[in-house]
Each structure stands twice: as structure tokens, then as C-alpha cells.
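Below is one structure, written out as C-alpha cells; comments come after it.
Rule-based calculations on the coordinates, nothing more; no lab input. Everything numeric in this text was worked out from a predicted model, so none of it was measured. Heads up, the Cβs are rebuilt from the backbone with ideal geometry, glycines too, and the neighbour counts pull from every protein chain shown.
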Amino acid sequence: MKRSRVINLDRMRKNPLEKPLLRPLTLAIASITLAACSQPEQDVQIVNSVEDCVDNTTLTADQCQAAYEKALTEAHRTAPRYQSQSHCESEFGYNQCYQTGNNFFVPFMAGWMVSSLLNNASNTYNPVYHYRNSSSSYRDRLMTADGSVIGRAGQKSYKVPSTNLKPKPTVTRTVSRGGFGAVASAKSNWGGGKKSSWGG
């Protein structure tokens, strides 16, 4: 076996700059990934009337009335739209949809979110909808207008990502049959990363 007479030790050594550059880059990527995946959660209550709001939250009667009006405004702006009543009712249940002035069908608002951590004077009280499709794994769940799942209907309180408390995009398209549940499924699997199929 022939041995080399000259060994260049400098060539065999690892570049001392390699590790220090690689580690911060790896840590930075990991930090960005974790920040994107983890969103702070807040406790919210779902109320379905001004009276329910007064009885079960810390808001006053005037604040509850204002919250209800804001939620209705948001519902008119962001509710999922359907071309037909049958498509809407297949997702939200019989007699749970109504026709708008633009001849679309939208589900009735099942309630709206109230969080004690938010500024009541400027908060957008996002409406929620009761998803009743019997063939879906999301049956009996409450969802926001963009298909984000809040939890099973009837709970006293819910933990939701803070992004669910922000205003939703204005609806510009209609939902196809099964579309609302499909978007809910995508949001559940991908952490809310998929854009709604009917939003702006």
C-alpha cells in the first residue's frame, strides 16, 4: 500500500467558519417556523343574544347591544354565500339559511365571540356559524366565516388563536356544495394556512 509522504493537515480540517454560520441560520429557520406555527390563544365565550351576553359576560347591556350590532354587520359582510338554499342547508341544516338582497343564501349567525381581553370599544365581534352537515366529521362544530373551527357547540368557553378574533375578509365568491367543511378540514390540517375558497 502506497502512503503519501506529504499530508496537508489544513486541507483535512473543517472550515472553522462553517459551523458558526450554519448554526445561527438553522436556529433562525427553526425560530421562524415555530413562530409561524404557534399562535397565542385566548379564551372566548360564544353568546347568541343580547340577553345571553348580559347574563354570561362582563359586558354591560349597552356594550352587548353594540357587540350584537357589530357581529351582525360582520355577518352581512363575511358570511359564506351559496347560490341555492339547498346547498346552504346541506351544510348548516334545514331552515338555517336565508336569502340576501343579492339573491345569495347565507347561514343564520349562531352567535358571536366575546373575549374579556379585548378592548370592548373597538373590538370586532366575529360571528360564528353552527355547522350541521350530518356526513361531515365537523358536524355540530362552531366555525367562523372563513371556516376556522372554534369547537363543539354548547361549550361554556373556547380557546381560539388570536387570529380568529381579527376581522375576516369580505366575501366575493360563492361556496360550492361541501365547500365550507372542506375549508374547515384544510384549516385544521394546515394550521389555518389555506385561504378560504369564497373570501376576498
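A few comments on the model shown:
- Given their separation in residues at 0.36 nm each and the Cα-Cα distance between them, residue 52 and residue 77 gain 6.7 nm when the chain is fully extended.
- Whichever aspartates and glutamates have a C-alpha closer than 13 Å to that of residue 156, once near sequence neighbours (fewer than 8 apart) are set aside: 43, 52, 55
- Region 66-162 shape via C-alpha gyration tensor axes, a/c threshold 1.5: oblate
- Net charge over other residues, Cβ less than 11 angstrom from the Cβ of residue 168 (K, R count +1; D, E count -1): 0
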